[in-house]
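S.K.: Before I ask anything, let me first share the structure, which is written out below as structure tokens.
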Amino acid sequence: MRLIDITQRVDEVSPAYPGDASLSIERTAQEPALVSAFRMSSHLGTHVDAPSHLHRKGDVCDIDCSRLIGTCQLVHIPKMSGPISPRDFPNISEKILLIRTGFVAGDVWKSSFAYLTVESVQWLVSQGVDVIGIDTPSIDSGDSHELASHICAIDAGILILENLCLTNVEPANYQLIALPLKIKGLEASPVRAVLLK
């Protein structure tokens, strides 16, 4: 069995959405052991959105972790920017879908990346998809203020994984594990996402 880490590394230069908190680490004790406190946006790096992100009921503590463990289908839709429409998708065979567009996070926020149209989300719902994962910072466009695709997905009960690191992962079926932290009140949580093959 091979384990593939598909989690973005987070450091103090990781690009945060404009206005969101970047990572900052404070050493709160040195002796007898090193202890730290950190602050960062709950959407920095690889993360899962809870319904409360869009003012719906349910924070990260309410996410059923079993939904983020299981067989997933990874598809490659090579598109560096612009909308992903239903016709861009191959046949969907699994409830957990991961989308590799080719996006690579750098040290500066990029608002230009591929994103899902509302029609794509609706089509994925019709295909029985329960979790949508993508390698871009958002399933909506970088300049969207309406977050229509988020709303469509969350209102349909779909979980959203964003900022996956899929650069060198081949399209195939894998076993996914991507568990959120159990912090009451958070609308999103970092995850350590891995694939098993």
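S.K.: In sequence order, what are the phi-derived ³J(HN,Hα) couplings for the stretch 137-144 according to the Karplus relation 6.51 cos²θ - 1.76 cosθ + 1.60 with θ = phi - 60°, rounded to whole Hz, with x for glycine and proline?
M.R.: Taking θ as phi minus 60°, the curve returns x, 7, 7, 9, 5, x, 10, 6 Hz for the stretch 137-144.
S.K.: Let me ask you something else. Would you mind checking which residues have amide H under 5 Å from Ala114's amide H? H placed 1.01 Å from N; only 5 or more apart, or other chain.
M.R.: Hits under the 5 Å cutoff: Ser81, Gly82.
S.K.: Of the candidates Pro15, Pro51, Pro32, which one comes out as most mobile in a Gaussian network treatment of the chain with C-alpha springs shorter than 10 Å?
M.R.: The residue that fluctuates most here is Pro32.
S.K.: Take Met1, Met40 and sort them by solvent-accessible surface of the protein heavy atoms, 1.4 Å probe, largest at the top. All intermediate terms of the calculation are to be shown ahead of the outcome.
M.R.: Numbers: Met1 190, Met40 45 Å².
Largest accessible area first, the list is Met1, Met40.
S.K.: Relative contact order for the chain: what percent, with Cα pairs under 8 Å and sequence separation of 6 or more?
M.R.: Rounded, it is 32 percent for the chain.
S.K.: Another question about this same structure. Determine Rg/Rh for the stretch 2-82; Rg is computed over alpha-carbon atoms and Rh is the Kirkwood hydrodynamic estimate from the same atoms.
M.R.: Values: Rg = 17.0 Å, Rh = 16.3 Å.
Checking Rg against Rh, the ratio lands at 1.04.
S.K.: In addition: What does the charge count around Ile154 come to, taking other residues whose C-beta lies under 11 Å from its C-beta (Lys +1, Arg +1, Asp -1, Glu -1)?
M.R.: -1
S.K.: What translational diffusion coefficient, to the nearest whole µm²/s, does the stretch 89-160 have by Stokes-Einstein, given a Kirkwood radius computed over alpha-carbon pairs, a temperature of 4 °C and 1.567 mPa s viscosity?
M.R.: For these conditions, the coefficient is 102 µm²/s.
S.K.: Another question about this same structure. Using modelled amide H (1.01 Å from N, peptide plane; none on Pro or chain starts), what sits under 5 Å from the amide H of Ala193, excluding residues fewer than 5 places away?
M.R.: The answer is Ile6, Thr7.
S.K.: Ok, one more. Filter the trypsin sites (Lys or Arg not before Pro) in the stretch 21-125 to those in DSSP coil with at most 10 other Cβ atoms within 10 Å of their Cβ, and list the result.
M.R.: Sites meeting the loop and neighbour criteria: Lys57.
S.K.: Another question, then. Tell me the per residue accessible area of the stretch 109-197 using a 1.4 Å probe; a whole number in Å² is fine.
M.R.: 42
S.K.: Please report, in whole Å³, the volume per residue of the convex hull around the C-alpha atoms of the chain.
M.R.: Dividing the Cα hull volume of the chain by its residues yields 128 Å³.
S.K.: What does the net charge come to around Ala188 if you take all other residues with beta carbon closer than 10 Å to its beta carbon, with K and R at +1 and D and E at -1?
M.R.: Neighbourhood net charge equals -4.
S.K.: Here is a further query. Hey, could you pull the Cα Rg and Dmax for the stretch 27-138, both in Å?
M.R.: Looking at the stretch 27-138, its Cα Rg and Dmax stand at 17.4, 59 Å.
S.K.: Which whole-Hz ³J(HN,Hα) couplings does the stretch 117-124 yield from phi under the Karplus relation 6.51 cos²θ - 1.76 cosθ + 1.60, θ = phi - 60°, glycine and proline marked x?
M.R.: Karplus-based 3J(HN,Hα) across the stretch 117-124 equals 6, 4, 4, 5, 4, 4, 5, 5 Hz.
S.K.: Now, a different point. State to the nearest 20 debye the size of the charge dipole of the stretch 1-142 about its Cα centre, where the only charges are +1 on K and R beta carbons and -1 on D and E beta carbons.
M.R.: It comes to approximately 320 debye.
S.K.: For the chain, build the charge dipole from Cβ charges (+1 Lys, Arg; -1 Asp, Glu) around the Cα centre, then report which of Leu124, Ile92, Cys152 sits farthest towards its positive end.
M.R.: With unit charges placed on the Cβ atoms, the residue in question is Ile92.
S.K.: Summarise the accessible area of the stretch 1-153 (1.4 Å probe, protein heavy atoms) by the percent that is carbon and sulfur.
M.R.: Taking all protein chains in place, the stretch 1-153 shows 52 percent carbon and sulfur surface.
S.K.: With both partners inside the chain, how many of the DSSP beta bridges are antiparallel, as a percent to the nearest 5?
M.R.: 65
S.K.: Continuing with the same structure: Mean residue ellipticity at 222 nm from the helices of the chain, using -39,500 (n - 2.57) per DSSP H segment of n ≥ 4 over the full residue count, to the nearest 500 deg cm²/dmol? Please list the in-between numbers first.
M.R.: Numbers: 2 runs with 17 residues, N = 197.
-2500 deg cm²/dmol, from helical runs alone.
The values are calculated or read from the model by the stated rules, or taken from the named source; none is laboratory data. This is a predicted model, so every value here is computed, not measured. With ideal geometry, Cβ positions are generated from the backbone for all residues, glycine too; neighbour counts draw on all protein chains shown. These area figures cover heavy atoms from the full protein model, side chains too; ligands, DNA and RNA do not enter into them. Shrake-Rupley method; radii C 1.70, N 1.55, O 1.52, S 1.80 Å.
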